[in-house]
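Okay, structure first, notes after.
The values are calculated or read from the model by the stated rules, or taken from the named source; none is laboratory data. Since the model is a prediction, treat every value here as computed from it, not as a measurement. Counting neighbours? That spans all protein chains shown, and the Cβs are built from the backbone with ideal geometry, glycine included. All accessible areas refer to the heavy atoms of the entire protein, side chains included, with ligands and DNA or RNA removed. Shrake-Rupley method; radii C 1.70, N 1.55, O 1.52, S 1.80 Å.
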Amino acid sequence: MAQLSDDCFAPGDGLLSVEAAEALIAERVPPLAGEEEVPLAAALGRVLTRALRAPRPLPPFRNSAVDGYALRHADLAPEGPTRLRLAGRVAAGQAAAPLPPGAAARIFTGAPMPPGADTVLMQEDAAPEPGAVLVPAGLASGGNVRPAGEDVARGAVALPAGRRLRAPEIGLAAALGCATLPVAPRVRVGVFSTGDELASPGTALGPAQTYDSNRFTLLALLARLPVVASDLGILPDRAGASAAALREAAGRHDLLLTSGGVSAGEEDHVRAAIEQDGRLVFWRLAVKPGRPAALGVLRGAGGAGLGGTPVLGLPGNPVAAVVTFLHLARPLVLRLAGAAPEPLPRFAAEAGFAHRKKAGRREYVRVRLRPGGALPVADKFAREGSGLLTSLTESDAFAELPEEVTAVAPGDRVQVLPFAALF
Ligand code: AMP
Ligand code: MG
């Protein structure tokens, strides 16, 4: 990653703000090169590489929005009801014959408008009679008609480049007749855990061991992104081992994620491993939980089109790993995938809790949401601790307390990031 590695962000003692880290990723990380054409059924979650212009208008022809009667508005009496004789019937999928003057045609939703007709009377408002229909007074001209191209005009940009393809985008592409779409390559992400205390679930637990949860949390978080993730297991707390494993994995991945081993302790080897084969871009983020997060670039290794492979060292504590994943790994993956920026979704809530914090760092408090007055109320999870996995399973959202805030009181307005949109 030439741009990143050439940058002069000296990892000094100061903490980098979340905003600065996000800006760094947005501005300095180049998207991966390449493109593939995938069928719609395989396009979910992928990133569109080129704008999709409508090859034809949508809808392709003028049609009825309702079941009813197609007519010419000029045939209606200025005041009072009008009786029109029935001439013709057009169902969805049929061609429409021209409408004779002074007549109405039975029409169904999605059927083409008969040439000459400009308005549709809803069948619920019609008084049908044998061979005729009674049109009540006051029908608006042009009502219940869907003009050709009212959704998308021919040649208009229906989907911009960089758009992540969700169900609605896939439906729109299908409606425009596209069977395949050009998408960016999936980002190859390798995930390591670090720590001599960790055991993999399914294996026996030694006396001073705990099960590795971060690897599985991170792989599950990655599953929502356009990636091919690989589980690279657990690295022991040995400097040489970490460096060798990172070096080897870097050639096969576009991004490496580690968790743990990135603090200032003498058993924390990830930073040293990055510096041995590359360069640290930043270390330590002004965020709680999640301070000891690091971004580095491994020199000379793979990373399609980049000068090196980025490595994100996430903190070991499980909640800190999740918070930093959302603020660093997610935008990094989206950038590599060429996706347009997608800020984390936030909405306003009312604090149902009191809380004190240090100025100068952003804090994420796990909260549960309940209905309130004007705003939902956010209640803080009862216990502190960035190692508590149940603080995530039993909460609904992160309350985001900005850098300058030092105290929150019940009734204060806070922004919350709903888990439903994050995980
Ligand atoms: P570290 O940053 O390596 O000092 O780890 C901080 C804390 O997070 C320690 O209690 C570790 O045991 C814990 N931890 C580190 N990695 C993991 C992991 N993959 N799964 C669960 N806990 C972890
Ligand atoms: Mg450790």
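Considering the range 206-230, the residues that are surrounded by 15 or more Cβ atoms within 10 Å (Cβ to Cβ) and in a strand (DSSP E or B) include one that is farthest from ligand 1 (Cβ to nearest atom), namely Val227.
With respect to Val183, is the statement that it is closer than 25 Å to Gly313 by Cβ and either near ligand 1 (Cβ under 10 Å from one of its atoms) or not hydroxyl-bearing (Ser, Thr, Tyr) (or both) true? So Val183 fails the test.
From Ala167, Ala161, grab the single residue that is more than 16 Å from ligand 2 (Cβ to nearest atom) and farther than 28 Å from Thr309 by Cβ. Quick ask: steps written out before the conclusion?
Working: Ala161 fails: farther than 28 Å from Thr309 by Cβ.
None of the other options fit; the residue is Ala167.
Take the residues of the range 123-139 that are surrounded by fewer than 13 Cβ atoms within 10 Å (Cβ to Cβ) and under 20 Å from Ala111 (Cα atoms): which is farthest from the chain's Cα centre (by Cα)? Residue satisfying both the conditions and the ranking: Pro128. Close contacts from the range 193-208, counting a first residue that is farther than 17 Å from Gly316 by Cα and a second that is open to solvent by less than 70 Å² (accessible area, probe 1.4 Å) and not in a loop (DSSP other than H, G, I, E, B), with Cβ to Cβ under 8 Å and a gap of 6+ residues or different chains, come to Leu205/Ala199; Gly206/Ala199.
Applying the set (1) open to solvent by 60 Å² or more (accessible area, probe 1.4 Å); (2) in contact with a Leu (Cβ under 7 Å, 6 or more places away or on another chain) to Ala161 leaves exactly one unmet item: (1). Scanning the range 400-423 for residues that are open to solvent by 40 Å² or more (accessible area, probe 1.4 Å) and assigned to a strand (DSSP E or B) returns Ala407, Arg413, Gln415.
The number of residues in the range 221-258 being touching a residue at least 60 places away in the same chain (Cβ under 8 Å) and either out of contact with any strand residue (DSSP E or B) (no Cβ under 8 Å at 6 or more places or on another chain) or within 16 Å of ligand 2 (Cβ to nearest atom) (or both) comes to 5. A single member of Gly296, Gly261, Gly316 is within 15 Å of ligand 2 (Cβ to nearest atom) and open to solvent by less than 20 Å² (accessible area, probe 1.4 Å), and it is Gly261. Applying the condition of being open to solvent by less than 60 Å² (accessible area, probe 1.4 Å), among the aliphatic types (A, V, I, L, M) and in a loop (DSSP other than H, G, I, E, B) to the range 342-399 and asking which residue is nearest to Glu22 (Cα to Cα) yields Leu344.
On inspection, Arg166 does not qualify as in the same structural domain as Pro226 (by TED's automatic domain parsing) and under 30 Å from Leu225 (Cβ atoms). Annotation: of all residues in the range 195-205 being open to solvent by 10 Å² or more (accessible area, probe 1.4 Å) and closer than 27 Å to Arg224 by Cβ, the one that is farthest from ligand 1 (Cβ to nearest atom) is Gly202. Among the strands (runs of 3 or more DSSP E) confined to the range 35-114, the ones with at least 3 residues that are over 36 Å from the mean Cα position of the chain (by Cα) and in contact (Cβ under 8 Å) with a residue 24 or more places away in the chain are located at 68-71, 82-90, 103-107. Filtered by the rule that a residue be of a type in the set (Asp, Glu) and modelled with pLDDT under 95, the range 249-295 gives Glu266, Glu267, Asp268, Glu275, Asp277. Among residues of the range 262-289 that are on the phi > 0 side of the Ramachandran plot, those with a Cβ under 7 angstrom from a residue that is away from ligand 2 (no atom under 16 Å from the Cβ) and part of a loop (DSSP other than H, G, I, E, B), sequence gap 6+ or separate chain, pair up as Arg284/Leu15.
Determine, yes or no, whether Ala294 is out of contact with any strand residue (DSSP E or B) (no Cβ under 8 Å at 6 or more places or on another chain) and hydrophobic (A, V, I, L, M, F, W, C). Against the criterion (out of contact with any strand residue (DSSP E or B) (no Cβ under 8 Å at 6 or more places or on another chain) and hydrophobic (A, V, I, L, M, F, W, C)), Ala294 does not qualify.
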